[in-house]
Amino acid sequence: MVSLVTESQVASLQRGFQGRISMGEPMREYTSFRIGGPADVLIEPYSVDDLREALKWAWGFGLPVFILGNGTNLLVADEGIRGAVIRIGPRLSSLEFHGETVTAGAGISLPALARACTERGLAGLEWAVGIPGSLGGAITMNAGAYSCTIGDVFKEVEVFSLDGQRSTRTADEMHFAQRSSRLSQGDIVAFRATLALRPGNVEESLARMQEYMADRKVKQPLHMPSAGCIFQNPSGRGAGRYIDAAGLKGLRIGGAEISPVHANFIVNTGNATARDVLMLMSHVRRVVYEKFGVDLVPEVRVVGG
């Protein structure tokens, strides 16, 4: 597909920009699914100022912007992503503690944040130790596990609008819902957030985290590339149970397979395309609806094309 970004446009951003800029970067290298075609341009800010400059640059040229975190819970089209992909990565992972609150950069990994808080004697994030996303992605999708979500401990987030204007959003303004938040609309970009935790017992929290990790190793195909749970859980029953009851475990289309370990995971067996995954998702939704009258809603975010 024809790129929306020219070399001369990229050259205008490079002046004074400290981060990394790469044209035609394959997105499969930046997603846990290991699937996805090239981005017109991939931009990795190394500072908050870098992030603002990248947003203002894209705004000035009228380029579409996609914000990327750790690339979990994401399926990128085989055709890739047009416009600018801005990756909020490890360079934006500052960490500060103030009493029972923690303020962290949006690029910090959720497991690293959970461990740091636990070691500090703060409880409330133990459930996040096995979720491979970033803090920014977790807030965007209101990530959760074991009946807990990031919205439960959220206090405020600092954001940029797409034209580089800075503001702060409180919990009441975030509209947290099942796997969504105000950030899901894509018109503001988080770069730092504050969470409100509670005093905890370090040994008890560490033990709980070990239990969660052991549970995930048994129940989830952690050894295979995937995007985590592919469908949201319908009320009253897990999506995987419906898929399993429909006899779909182990079904393959191309290189995409419904995991024999957990039916709500689609795994990349080595050469899966986004088309394979989408066809398999469509088949699963149709069969489950025909058998049980349940319309499974995708949890994975599909972008590009």
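Bear in mind these aren't lab numbers, they're just calculated from the coordinates by the rules spelled out. Please read these numbers as outputs of a predicted model, since none were measured by experiment. Cβ placement follows ideal geometry from the backbone for every residue including glycine, while neighbour counts extend to all protein chains displayed.
At-a-glance table
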| quantity | calculated |
| --- | --- |
| The chain - mean residue ellipticity at 222 nm from DSSP helices (-39,500 (n - 2.57) per run, n ≥ 4, rounded to 500) | -8500 deg cm²/dmol |
| Placed amide H near residue 68: partners under 5 Å, 5+ positions off or other chain | 86, 87, 88 |
| For the range 264-271, 3J(HN,Hα) per residue [Karplus equation, 6.51 cos²θ - 1.76 cosθ + 1.60, θ = phi - 60°, Hz, x = Gly/Pro] | 8, 10, 9, 10, 8, 7, x, 9 |
| Gained length - residue 172 relative to residue 6, 0.36 nm times residue gap less alpha-carbon distance | 55.7 nm |
| Of 104, 267, 175, farthest towards positive along the dipole that unit charges on Lys, Arg, Asp, Glu beta carbons give the chain | 267 |
| Highest-first arrangement of 3-14, 67-78, where packing means the average Cβ count within 10 Å | 67-78, 3-14 |
| Peptide ranges 135-147, 155-167, 85-97 listed from the most packed, as the mean C-beta count within 10 angstrom indicates | 135-147, 85-97, 155-167 |
| Per-selection Kirkwood Rh - the range 221-303 (Cα, Å, 1 d.p.) | 12.4 |
| Label point distance in nm, residue 297-residue 29, each placed 7 Å from Cα along Cα→Cβ | 3.6 |
| Assigned charges on the beta-carbon of Lys, Arg, Asp, Glu; the chain dipole about Cα centre (debye) | 540 |
| Relative contact order [Cα under 8 Å, 6+ residues apart], the chain, whole percent | 17 |
| FRET E, pair residue 101, residue 148, Förster distance 22 Å, beta-carbon r, rounded to 0.05 | 0.80 |
| In range of the label at residue 235: residues from the range 160-187 whose backbone nitrogen is under 20 Å from the point 7 Å along Cα→Cβ | 175-181 |
| Amide H partners (placed H, <5 Å) of residue 297, local residues excluded | 232 |
| Cα Rg, Dmax, the range 106-237, angstrom units | 15.2, 45 |
| Three-way shape call for the chain based on the alpha-carbon gyration tensor, with the a/c threshold at 1.5 | oblate |
| Sorted peptide list for 200-209, 116-125, criterion being average Cβ within 10 angstrom, highest first | 116-125, 200-209 |
